[in-house]
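The structure appears right after this line, and notes come after that.
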Amino acid sequence: MAKKRRDNGEGSLFWSEKEETWIAQVTLPNDHRKRKRSKDKAKVQKWLFEQRKAITENRLSTNENMTVNQFADQFLKDVANHTLKLKTYITYESYLRLHIRPALGRVKLVNLQSSQIQRLYSEKINSGLSKKTVHHIHSTLRRVLNEAVKWEIIHKNPCDAVTPPRVDKQIPTVWNIEESKKFLKAVEGHRWYGIYLIALTTGARRGEILGMEWQNIRWDAGTISIEKTVSEIKGKAVVTMPKTAKSLRTIVLPSVVVNLLKENMEKSGFIFTSLNGTPITPRNLLRHFYSVLEKINVPKIRFHDMRHTVATILLQKDTHPVKVQQLLGHASITTTLDVYSHILPPMKSEVAEKMDDVFKG
């Protein structure tokens, strides 16, 4: 008995006298049909072969007409909007809007090539954008396209075959002990003195300090738990959860900090606030910080570098890196060792000396 129809994926190739062209046709698993027309028989044969192979390997796109712009909209609405913190969402949206959409937005996802992405990165660097920023663009695009792979719109992520720019490791500028004391002396008596004291004795992040509440302190143990952080979004202070799960931690406070807080102890609310009692906007704190640096003779560092200062001082005083990791709330010891590896080599002589003791003579 003659077969009345072709199986899904089998496809056909024929010449149309009416159109004077070759036509390849394939039936998809959902019974929809796709066609390819060309006067070049080899071209439609190649297309038909690729379609058959894609169906056999179950990697045929379910939406071949969706553009990068359209998928980015869907990603932001259905994924990022429900899984990312507001600040991270805004960052993703910004990189998409300013850098990715203008160059690649109209390209169909199934047609997006690694070479197009690589060219975009090159153009951004040539335009003066920093390698770090371009690396963030890459991370954003790769995250978005990974979702497209999950949804089976594309069968592989073109970012995987792209080489993003290598970001040179920056050794942070830090203060020594005397410089740290000099800065604290300069802000002594200011209502934000406690913020700077905590920053230079615990290495807590700026947002973590601004998010500290009186209820987080255990006076008997001299500790404070990091449970909230204050970020700045569109010029306003916003209270959110800490950066990572490891950031949710308890810090043992030096006695100088405990004594200072006891002098200003209240029962509830944030420990540090604006004059009207609301959370301090990070930008206002930075404005004061940099104004102080202009008046004293210490290296000009970022606020975040006080965190690096704490880690550097502790490591130089032979504090175990794991303890530094726990204090700073790094996700892993690898992060700590990577950031502060420039401090550790001089300490390695101790290892050689211990091996000498074992094998000497």
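The values are calculated or read from the model by the stated rules, or taken from the named source; none is laboratory data. Remember, predicted model here, so these are calculated numbers, not experimental data. Counting neighbours? That spans all protein chains shown, and the Cβs are built from the backbone with ideal geometry, glycine included. Protein only, heavy atoms only, side chains kept; ligands, DNA and RNA dropped before computing areas. Shrake-Rupley method; radii C 1.70, N 1.55, O 1.52, S 1.80 Å.
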> Got a number for carbon plus sulfur as a percent of the chain's accessible area, 1.4 Å probe?
Replying inline: 51 percent
> Ordered by packing density, taken as the mean number of other Cβ atoms within 10 Å over each peptide's residues, highest first, how do 220-233, 277-290 rank?
Replying inline: 220-233, 277-290
> Rounded to the nearest 0.05, what FRET efficiency do Ser139 and Ile333 have when you use their Cβ-Cβ distance and R0 = 30 Å?
Replying inline: 0.85
> Between Ala245, Ala80, Ala237, which gets the highest mean-square fluctuation from a Gaussian network model of the chain, Cα cutoff 10 Å?
Replying inline: Ala245
> Using a ≥ b ≥ c from the Cα gyration tensor of segment 67-159 (square roots of the eigenvalues), is it rounded, prolate or oblate, where a/c under 1.5 gives rounded and otherwise the larger of a/b and b/c decides, a/b for prolate?
Replying inline: oblate
>> Given R₀ = 30 Å, what would the calculated FRET efficiency be for Glu17 paired with Glu50, taking r from the Cβ atoms and rounding to 0.05?
In response: 0.70
